[in-house]
Structure formats: structure tokens, C-alpha cells
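Before any comments, here is the structure.
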2 protein chains.
Amino acid sequence: MKLTCNRDNLIEGINIVQRAVASKSTNPVLEGIYIDVTEEMVLSGNDTELGITCEVPAIIEEIGSLVVSSKTFGDIVRKLPDTFVSLETDDTGKMIIIKSGSSKSMLRLIPAESFPKVNPIDSTNSIEVKSSTLIDMIKQTSFAAAIGDARPNLKGVYLEKIPGMLNMVAVDGYRLAFKYIEHQGNESIGALIPPRTLNELSRIISRSDETINILCNDTSIMFCNERVKIISKLIRENFIDYKNTIPKDFNTKAAVSTAELLSAVERASLIILDDKRSSLIFNIDEEGIFISSTSDFGQTAEKVNAQVSGSPLTIAFTPKNMIDCLRAVEAENIIFSFTIDRGPAIIRNDGVEDDFTCLIMPVKVNNR
Amino acid sequence: MKLTCNRDNLIEGINIVQRAVASKSTNPVLEGIYIDVTEEMVLSGNDTELGITCEVPAIIEEIGSLVVSSKTFGDIVRKLPDTFVSLETDDTGKMIIIKSGSSKSMLRLIPAESFPKVNPIDSTNSIEVKSSTLIDMIKQTSFAAAIGDARPNLKGVYLEKIPGMLNMVAVDGYRLAFKYIEHQGNESIGALIPPRTLNELSRIISRSDETINILCNDTSIMFCNERVKIISKLIRENFIDYKNTIPKDFNTKAAVSTAELLSAVERASLIILDDKRSSLIFNIDEEGIFISSTSDFGQTAEKVNAQVSGSPLTIAFTPKNMIDCLRAVEAENIIFSFTIDRGPAIIRNDGVEDDFTCLIMPVKVNNR
């Protein structure tokens, strides 16, 4: 293998594929970056759950492939003195020689045979989404997926293509976040994706008009643009029938500024975050939403202006659930709709497209 | 106690005194901020090694003093909705009421009797230094103080006022960093200061023309400006006779760009940072400084241009020592002077004021 490339392109490629490289593994090859040079140079990282490949432009003199330690190779390349980098294997085939300006480094290779190649998905089941739209969908839903000891089918984010629509939804039993976009085409996809895959995807793609292709088969999903392919195992469980969990009839509705409500909720949460017995109490009546909290540290009370219709209501929430949901809202104003004090409440955008729904379950009102 | 103040002033004061508040202590009062309101409002934090007070402008209606949980009080004040904040104790004297805009919080007080008041030093032994100068002196020396199991007198930074000069010096047995400024006056000070005190001081004062007063007695040192007082216990040990450790005669001298040498050293260090048996090898001759390193991961080699005079030399250093010393240099170019391959080497500024000296001990050349 022998080639010359631009240092900054190489650094960018390394940064991207390192997101899939295992930081500690009993199998050292998973801590490596696979460099495959044929007509192009392609870098890969793969921890066997998530695989990422990235093309890096290069002037190629000799083809070949090898695996280097991701950390050491990345650290060295980031510090190279010159804009141009040459990479070649030495005569023994056991080292890569990295030259740039007056600096020359030789790095021991990792035997490449056992590297789990990242296999792109070849499927006709393909849809296209604008990268900024995809980032928004992820931001507004992935926070609601379950973590820890939850049921496996709650630990993913469900991507669902149905005729005319693309939905993303996550639910952990205490809250549900749902976002849709209009999407032409009659493809049918239902994929339960690990949140980590979507979070890495968000970090790699830019908030732009660029098109991301999504391809899917029974076991894996691939997100790709012209240079980068992100391929992830799916969670092979059936997602819950989420549509029936969202109520349609409400007894109380409050129209309120997202920022004002979030900021009051954050203040009221401060003294109860460390106290699992305490909750945020919402007293809702025609005057607005009165938020209070009490713990061993003290108490808070604050009125948030809101346009309230329907019956007055006292209802309680856990601080983290409420803060996560309100932070996911993109609209300036929301409609917060309530059923009963022990039933689900719903947050929706007010005055803009009704493409986001967040359901949040209350907890028992505990007036300490 | 009852007062009104500006939220941002209060936040600034909290941020400053929190640097001296214990984050976890068996004595809860040390996790508190002491608020003392007489003619002014003064906040204090004190973990008994380091104490900091800060005046916050306030309109005072009623004097008083109390202790609140530093973390909870700080978190609440940072989130307050309005520019104005009112603080008052409630009727029971057991709570502080924090009001701002429509928000009202009540926070339980910590019994204040056992709070260790921060006592300013009243001494005629006082000197003045510009804050930006003080920050530079700290940056260029404190890194060299010993940590861990070292002898207690190496674990401090020595501040020494002698007629005409103010010196700062730290040494850990492997390296020594010395910085002086010209300073009129015949005061005599010799204070061994914990590095943490100086690092917190650097963060609190701004890089400006502001004057910092330094007052000292046998057990403590105080750094203060108009609003803030930082009072620290001294390390009550005799500092070493450092002046005799700095050699005056050299066999080899190299004039070199600080940035070029640092950058080559950083590259050569990458593959040996995790390998304690490996060191940076400097081969110095009339062609320049040839830096190389070898470890189980690979090897590096690079020539750095330098104007060399004297005998050729092969000498080895540990990467961290060399990187720390070179990062402390402020001058664009240095003179790197060497005695013998097992003797101390010296880094000094080239072409600007000769106010900084860094001594670095080599290690055994190990040509693996």
C-alpha cells in the first residue's frame, strides 16, 4: 500500500470512523481502523454493533489493506506538521510508515484478517431524507428511549415508513416522543434502531440540505451520503403498538410559552433532583400554571402565565421526564393537554405544524 | 437579613467563592457559602486550607449572617428569571427566601456557628503585582511542583521577595521552573504556597493591569484586589536551596524555535506515552536536533532545525517532563543548553528578557 493524501481530509475521516471503533475490547482488531485502498482509500471502524466507513481522497500508487491502532494512528495524524501525508507499508509488511514534512513515524500493524469488514446494505428498500430533517427527528425522539434494565423493545427508536409519512418514535413507559414528516412513496419500513446509532449519525452528518439515503433489511440499517456509510444492527424485537397509547380527549388544556415553562420547571427541579420522593406539582387553573416543589432542602413556588381552558387540575411529574420533554420541543409555544391527574398528558406544538407529540405520565401527587 | 442585589453580580460572587468550598466534607458547614451582611454583603467559602471572600454590591435593609448549601444556592441563583434578586431570612430564621420575578424559593439554612470564618491577613509585609504578571509567573512555574508521595517541601511553589526582585520557583526533583520579575522595595518574603491556591488565583483574577496585593505572615498568604480576598495556608517546610542546582557552564547549546521543538516532541511522545521504559532521544549535532522514539507500538524520527554550538550530544528525556517545560515557555525561541548526557539541561528564552529558566533532568539513554 502506498498513497498520498491531505492531512485534514484524513483527520476528518479518522474522526468519523473512530465513532464506531471499540475503545476497549478483548479483541484488539476492534480497536483498530481498517484502511482499504483499491480505487479509493476507504477507512472503516466496526465494533460489530455499529460499523462506519468513510472515503478519503488520495493519490494512490499501490493498493493494499491493513489495520492500525485507531488511537495511536489518530493521535499521530492529528499532530502531523505538513498538509500532505504519505502512507505506505514497509518492506516487512508489518509496519505502516507515516511521513509528513520532516516527520517520519512507523506504526506496528494489527493483523487484519480478523477485522469484521463493514458490509454495505444492498436493498431496493431505500428512502431519502434531508440531513437537517433527520437530525431534528432524532433530537426530538431518541431521548425518550428506555435505558438500563428495560424491556429490549423499549430500548430502541422506531423508524417507520408508511405511505405518505415517515415516523420516528421512542417510548420508555413513562414518556413517549413521536415525530413525523410527510414523505412520498409507498415503501414500507419498520426498524428498531439503537439510540447510539442515531446519536452518532447526528454527530457525523451536518445540519444541511444534503440527502441521506436510508437502506434497510431484516437485520441492519444503513445511513449514507456520498462519502460516509453508517451501518448498524437493528434490535430484533417487535415495537409496541404506540398509536393507541396517545389519548385523543382532554379535560384541561394550557397554551404556554415553551421557554417560560421550561425555565420555571428547571428552577423548581433544582431542589428535588436528588430527592426521589419529591415531584413537581402543577396546579392548573384559569390564572395559569402554578408550579411548586418541596424537599428536605427547601421549597419553590412560581406562576407561569398560560391560557387555560377546561377543568382546574392538580397533577405531578418527575423533574427529569418533564425537562427532557420540554427540551425536545422546537416550537416557541406549546399546547399542554391533560386527561386526569393520574392519566397521560400531551405536549404538542402550538401554532406551527403539528408534527411532534410528547406524552408524559404523571406521578402520584405527594403534598409532603 | 434582607437585601436586594443584581443577579449577575451575585452569580459572579458565588462562582468565585465556590472555588474554596469543599465539594464533599464530613462537616456539612464546609459545603456551604457564608453570607455576611453588615455595611456590605460579603460571600465566603472556606475548606480550611483555602478561604475566599467576595464583596457583592447590594441594597441592604437588614443586616445578618447565614450559611446556605453552596451547590443548591448556586444552582438556584444561576437559573433566576429576573435581573434583580431579593434575599431574606424567613420568620423562623431557619430558611432563606430567594425571590426574583415570579419565582420564589425557600432554602434550608446550615447552622452558621461552626463556619470557619475567613480571616484576612493584616500585615505590613505587603507587595503589589500586576495581575497579568502574576498569572504568567504562576503558569510558568506551578506545573513543576511535585505531586503525590513527594517530600512536602517540593509540593509547593516558592514565592520569594528579595531586594529588587520577586521570584517564583517550583521543583519536583526531575525539573525546576524559575521565573523572576524586577520588583522594587526591600520587603523580604519567602512563602511556600500550595499550587492549588495559585491555580485558583489564576482563574479568579483577570489578565489585566489590575493590582493584586500580596500579604503574608508565618502561616498564611493573602492575595487580594478591591473585591476579592484569597487566603491560603502555607506549607510550613523549608524550600530547597534551588539556586545552586542551576548549572552555569555548558558543553552544548542549541537555539531553536519553541513551537517547532514542542510540536516535534509531541509527535515523538505519542507512541511512548503509555510505555514507561521508553524515552525521547535527542541526537544533537551541527545539523540540528534529531528527535526519535521507539516503543512496542512503533517508532518515530524527525529533525528539528537548530543552531547548535559546542560538542555533539546524545541525551534522553521523559516525554511529559519535556512537554510541560516547553509549554511553559512564552518566548518564540529558546536556547536549550546541555552539560553532559547524564546532567541537567536548561531552557531559557532567546532574544527577549532572560526572566525564565527551566531545568530538566535527562534519563538514561535506552536504545531499545
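The values are calculated or read from the model by the stated rules, or taken from the named source; none is laboratory data. The model shown is predicted, which means the values in this text are computed figures rather than measured ones. Note: ideal-geometry Cβ built from the backbone for every residue, glycine included; neighbour counts use all protein chains shown.
A few notes on this one:
- Identity of the residue in segment A:255-268, within 9 Å of chain B (Cβ to nearest Cβ) and not hydrophobic (A, V, I, L, M, F, W, C), that ends up surrounded by the most Cβ atoms within 10 Å (Cβ to Cβ): A:Arg267
- Filter pass, B:Ile246 being in contact with a Ser or Thr (Cβ under 7 Å, 6 or more places away or on another chain) and within 20 Å of B:Asn46 (Cα to Cα): no
Each row is one residue, and each column tells you yes or no for (1) of a type outside the set (Val, Ile, Thr); (2) at pLDDT below 95; (3) outside the structural domain of B:Tyr158 (by TED's automatic domain parsing).
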site: B:Met95; (1), (2), (3): yes, no, yes
site: B:Ser105; (1), (2), (3): yes, no, yes
site: B:Pro116; (1), (2), (3): yes, no, yes
site: B:Asn119; (1), (2), (3): yes, yes, yes
site: B:Leu134; (1), (2), (3): yes, no, no
site: B:Thr141; (1), (2), (3): no, no, no
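- Filtering segment B:171-199 to residues that are farther than 21 Å from B:Asp218 by Cβ, modelled with pLDDT of 95 or more and small (Gly, Ala, Ser) leaves only B:Ala177.
- Leading residue by the ranking (nearest to A:Lys161 (Cα to Cα)) among those in segment A:176-235 that are in a helix (DSSP H, G or I) and β-branched (Val, Ile, Thr): A:Thr197
- Tally of residues being more than 9 Å from chain B (Cβ to nearest Cβ), outside any loop (DSSP other than H, G, I, E, B) and without any contact (Cβ under 8 Å) to a residue 12 or more places away in the chain across segment A:97-114: 1
- Residue among B:Ile291, B:Ile281 that is touching a Phe, Trp or Tyr at 6+ places or on another chain (Cβ under 8 Å) and among the β-branched types (Val, Ile, Thr): B:Ile291
- Residue that is surrounded by the most Cβ atoms within 10 Å (Cβ to Cβ) [pool: residues in segment A:183-205 that are of a type in the set (Gly, Ala, Ser) and within 16 Å of A:Ile235 (Cβ to Cβ)]: A:Ala191
- Candidate set: segment B:269-282, residues that are surrounded by 19 or more Cβ atoms within 10 Å (Cβ to Cβ) and within 18 Å of B:Lys364 (Cα to Cα); chosen: the one farthest from the other protein chains (Cβ to nearest Cβ): B:Ser279
- Inspection of segment B:290-311 identifies at least one residue that is aromatic (Phe, Trp, Tyr), in a loop (DSSP other than H, G, I, E, B) and either outside the structural domain of B:Ala144 (by TED's automatic domain parsing) or surrounded by 20 or more Cβ atoms within 10 Å (Cβ to Cβ) (or both).
- Filtering segment B:283-326 to residues that are among the basic types (Lys, Arg) and within 14 Å of another protein chain (Cβ to nearest Cβ) leaves only B:Lys303.
- When B:Thr92 is tested against (1) within 14 Å of chain A (Cβ to nearest Cβ); (2) hydroxyl-bearing (Ser, Thr, Tyr); (3) surrounded by 17 or more Cβ atoms within 10 Å (Cβ to Cβ), exactly one condition is not met: (3).
- Tally of residues being over 16 Å from B:Ile235 (Cβ atoms) and of a type in the set (Asp, Glu) across segment B:166-182: 1
Okay, residues lined up against (1) free of Cβ contacts under 8 Å to residues at least 60 places away in the same chain; (2) under 21 Å from B:Ile98 (Cβ atoms):
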position: A:Thr258; (1), (2): no, no
position: A:Leu262; (1), (2): no, yes
position: A:Ser292; (1), (2): yes, yes
position: A:Gly298; (1), (2): yes, yes
position: A:Glu302; (1), (2): yes, yes
position: A:Val308; (1), (2): yes, no
position: A:Pro312; (1), (2): no, no
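- Check on B:Lys79, over 24 Å from B:Ser206 (Cα atoms), without any contact (Cβ under 8 Å) to a residue 24 or more places away in the chain, in contact with a helix residue (DSSP H, G or I) (Cβ under 6 Å, 6 or more places away or on another chain) and within 14 Å of another protein chain (Cβ to nearest Cβ): yes
- Among the residues of segment A:206-237, the one identified as among the polar types (S, T, N, Q), exposed (fewer than 13 other Cβ atoms within 10 Å of the Cβ) and over 15 Å from A:Ile135 (Cα atoms) is A:Thr219.
- Given (1) farther than 18 Å from B:Ser279 by Cβ; (2) modelled with pLDDT under 95, index of the condition B:Arg327 fails: (2)
- None of B:Met165, B:Met137 is hydrophobic (A, V, I, L, M, F, W, C), more than 14 Å from every other protein chain (Cβ to nearest Cβ), farther than 27 Å from B:Glu31 by Cβ and part of a helix (DSSP H, G or I) except B:Met137.
- Among (1) modelled with pLDDT under 95; (2) touching a Leu at 6+ places or on another chain (Cβ under 8 Å); (3) under 23 Å from A:Asn244 (Cα atoms), the one test that A:Phe317 misses: (1)
- Boolean, A:Ile240 is in a strand (DSSP E or B), touching a residue at least 40 places away in the same chain (Cβ under 8 Å) and in the same structural domain as A:Ser142 (by TED's automatic domain parsing): no
- When segment A:124-164 is filtered for residues that are in contact (Cβ under 8 Å) with a residue 12 or more places away in the chain and of a type in the set (Ser, Thr, Tyr), the ones remaining, listed by number, are A:Ser126, A:Ser131, A:Ser132, A:Thr133, A:Thr141, A:Ser142, A:Tyr158.
- Lone unmet requirement of (1) among the polar types (S, T, N, Q); (2) touching a Phe, Trp or Tyr at 6+ places or on another chain (Cβ under 9 Å); (3) in contact (Cβ under 8 Å) with a residue 24 or more places away in the chain; (4) surrounded by fewer than 20 Cβ atoms within 10 Å (Cβ to Cβ) for B:Asn333: (2)
- Residue tally, condition surrounded by fewer than 20 Cβ atoms within 10 Å (Cβ to Cβ) and touching a residue at least 60 places away in the same chain (Cβ under 8 Å), over segment A:6-30: 8
- None of B:Val85, B:Val37, B:Val68 is closer than 24 Å to A:Glu260 by Cα and buried (at least 18 other Cβ atoms within 10 Å of the Cβ) except B:Val85.
- Test: residue in segment B:53-61 that is in contact (Cβ under 8 Å) with a residue 60 or more places away in the chain, surrounded by 15 or more Cβ atoms within 10 Å (Cβ to Cβ) and not β-branched (Val, Ile, Thr): yes
- Flag if B:Ile240 is more than 14 Å from chain A (Cβ to nearest Cβ), under 30 Å from the mean Cα position of the chain (by Cα) and either surrounded by fewer than 19 Cβ atoms within 10 Å (Cβ to Cβ) or closer than 30 Å to B:Gly190 by Cα (or both): yes
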